[in-house]
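Right, one structure below, let's go through it.
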Amino acid sequence: MLLWLHKRLKSSNWFCKKWVKWSTLALKKTKTSKTNKTSKVEPKRDLYEVLGVSKEADANQIKDAFRELALRYHPDRNKEPGAEERFKEIAGAYAVLSDPEKRQQYDTRGFEGVVDFSPEDLFGGINFEEIFGNFGSSSLFDKFFGRHKVRQNRGADVEVYFDVSLDKIMFGGSVPITLLVKDSCSNCKGSGAVPGTQPKTCDECHGTGETIITSSEKNVLIKNITTCFKCHGKGVLIEKPCPQCGGTGMTRKEKKIEVSIPKGIEDGTILKVQGHGAMAPTSAGVPGDLLVIVRTQEDPRFQRAGPDLYCAVTIPVYDAVLGTKIEVQTLDGKIVVNVPKGTQSQTTLRVTGKGLPKFNQTGFGDLYEELKKIATGR
């Protein structure tokens, strides 16, 4: 539009030359503005590059790289221009790569795989206090990434240890877990009141579960918020408690859920199953999460050390002296291994790539066969 007006003005003899001059300057500014806008659009950097790690890096390497970079560019320490933006970039990269599911989506689909995550989805499960100590205040991340804490009546998280077999670690898949948890009372449907009656709104806190005492001191308004003494924070009063749950709205029940086990999962890894923890104290709250702490189940065939497996093999003396080929069992079938001439007792043979999958990485660990005993005959 501005280009068309400029041409019309230059062709009009009767129009003021100053207006022509103004339109020329305005057109130049418009072009410059468009050029500047275009120059500011930069492609996003690869998240592994942001943290300075390889795509095969394990969880500990990613965590260590994040801590080192984040402390270096932390706004409370680094006042140089651009430090804050660099800090945001580092935190965003760690939020994706520290979570196995988000990392897998990023590895598969790139940035499209993580574009729909909210700040709470990305940073909600990260304990910044554990990583940074005194510099780990999550309020900084709330400020940068728009997170906000919602005051809610939430159930407690439930931790369980679960032993996973080597075969399941090898191939992955889902496993059933049976829990004895507090669940909504089937008699009162979680209300805590006798069926046919309803809890009444607390007349002290008007259903908020809190009482607010307001005072002023030196022209400063002070609000003291405490749990309501009458309803104990529930917001409701139950005149006729349910006989089955005693008015709590919850009873202990056996609960079965399916938990997905990633290939190569490491000892001590915590799998979070949202919404399968303890019920909230009130019907208005939300349940906590189930935290499954994985342990490797003992196996009579192998011992585990990270992605590597160890086993013992017995062969006759003359086979060790002359050399032979032996058949060895692995987690994905039998293989033939060559035993060199003159093999001594306690010799360890290494079979590359026949261990467990590397967790959150490509490739496999190795299988180590230790010739512990040399038999004297067949």
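The values are calculated or read from the model by the stated rules, or taken from the named source; none is laboratory data. None of these values were measured; they are calculated from a predicted model. Glycine also receives a Cβ, built like all others from the backbone with ideal geometry; neighbour counts cover every protein chain displayed.
Restricting attention to segment 160-199, the residues being in contact with a strand residue (DSSP E or B) (Cβ under 9 Å, 6 or more places away or on another chain), at pLDDT below 90 and charged (D, E, K, R) number 2. Residues in segment 51-108 that are in a loop (DSSP other than H, G, I, E, B) and either within 29 Å of PRO357 (Cα to Cα) or of a type in the set (D, E, K, R) (or both): 13 in all.
Looking only at residues of segment 308-332 that are hydroxyl-bearing (Ser, Thr, Tyr) and either part of a strand (DSSP E or B) or touching a Lys or Arg at 6+ places or on another chain (Cβ under 8 Å) (or both), we find that the one that is farthest from THR343 (Cα to Cα) is THR330. For segment 153-185, give me the residue count where each residue is assigned to a loop (DSSP other than H, G, I, E, B) and surrounded by fewer than 13 Cβ atoms within 10 Å (Cβ to Cβ). Final tally of qualifying residues: 0.
Filtering segment 274-282 for residues that are out of contact with any strand residue (DSSP E or B) (no Cβ under 7 Å at 6 or more places or on another chain), farther than 21 Å from LYS200 by Cα and without any contact (Cβ under 8 Å) to a residue 60 or more places away in the chain leaves a non-empty set. Residues that are more than 26 Å from THR269 (Cα to Cα), surrounded by fewer than 16 Cβ atoms within 10 Å (Cβ to Cβ) and modelled with pLDDT of 85 or more do not occur anywhere in segment 50-57. Say whether the condition of being over 23 Å from GLU266 (Cβ atoms), loosely packed, with under 13 Cβ neighbours inside 10 Å and at pLDDT below 80 is met by at least one residue in segment 83-96. For segment 83-96, residues over 23 Å from GLU266 (Cβ atoms), loosely packed, with under 13 Cβ neighbours inside 10 Å and at pLDDT below 80: absent.
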